[in-house]
1. Using modelled amide H (1.01 Å from N, peptide plane; none on Pro or chain starts), what sits under 5 Å from the amide H of A:I21, excluding residues fewer than 5 places away?
2. Quick test of your reading: applying the under-4.7 Å Cβ rule, which cysteines of the protein assembly as shown are isolated?
3. Based on C-alpha coordinates, I'd like the Rg and Dmax of chain A, in Å.
4. Pick from B:K97, B:K54, B:K69: which residue has the top mean-square fluctuation in a GNM of chain B where Cα pairs under 10 Å get a spring?
5. Just to check I understand the Karplus step: with θ = phi - 60° and J = 6.51 cos²θ - 1.76 cosθ + 1.60, what whole-Hz values come out for the stretch A:110-115, glycine and proline as x?
6. At q = 0.11, 0.16, 0.18 Å⁻¹, what log₁₀ I(q)/I(0) does the protein assembly as shown have when each alpha carbon counts as one equal point scatterer in the Debye sum?
7. Starting from the eigenvalues of the Cα gyration tensor, five times each then square-rooted, give me the equivalent ellipsoid semi-axes of the stretch B:9-109, largest first, whole Å.
Amino acid sequence: GAVVSQHPSWVICKSGTSVKIECRSLDFQATTMFWYRQFPKQSLMLMATSNEGSKATYEQGVEKDKFLINHASLTLSTLTVTSAHPEDSSFYICSAPMASGRVPYEQYFGPGTRLTVT
Amino acid sequence: LAKTTQPISMDSYEGQEVNITCSHNNIATNDYITWYQQFPSQGPRFIIQGYKTKVTNEVASLFIPADRKSSTLSLPRVSLSDTAVYYCLVGAFNDYKLSFGAGTTVTVRA
């Protein structure tokens, strides 16, 4: 089946630094990818839509200057958390829909990246 | 996106059938119903999707009544490895922006 990978799987960084998270669709092309954030014991919250070749679309309340998204190719989207603070510590998950998926509306999720800001 | 309501948690034992009902009173004509499973510290995984009546795959069954205002995910003969959070989502065919509700935490005990 389709696979979406994320790198790194976990990262610890100091407050004030920036962290880049990669999301790759390994065996299909994805013109659109999505980034979610999930705090402990909570549901996934959609942060932004990553569009290949154009600017990302951010959900209300998500700071676009803090969470930089770049969709450089049809298989890679990156999320950069700039000037990270402890409150940015969370589980970040990306997803990508596949046009020829088994069913409509099916998306493939990455394994997630655990970010801890100290 | 249609709002969904699910029980917060359910407990079961190995070998039992687990049925999770999701309410989506405002479902639109072109909306599909999709269920995802999420294990701790992992991304969600697609389980099943349906539009009406009944859908069955190797993992689960999805029952959708005629009015489509609710749906029931049925997990047959659960095992400990089925302990996870199950999310019910409703959305249109080409609407890839998923809105996750609280989900149902299913705990399977030996």
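1. A:L79, A:T80, A:V81
2. By the Cβ distance rule, which asks for a partner under 4.7 Å, the isolated cysteines are A:C13.
3. 13.6, 43
4. Highest fluctuation of the listed residues: B:K97.
5. Once rounded to whole Hz, the list reads x, x, x, 10, 8, 10.
6. Taken in order of the listed q values, log10 I(q)/I(0) reads -0.56, -1.12, -1.33.
7. Working: eigenvalues 101, 46, 25 Å².
Three semi-axes, in Å: 22, 15, 11.
Any read-out appearing in this document is the output of simple, stated calculations on the displayed coordinates, not a laboratory observation. Not measured: the values here are computed from a predicted model. Please note: Cβ atoms are built from the backbone with ideal geometry, for glycine as well, and neighbour counts cover all protein chains shown.
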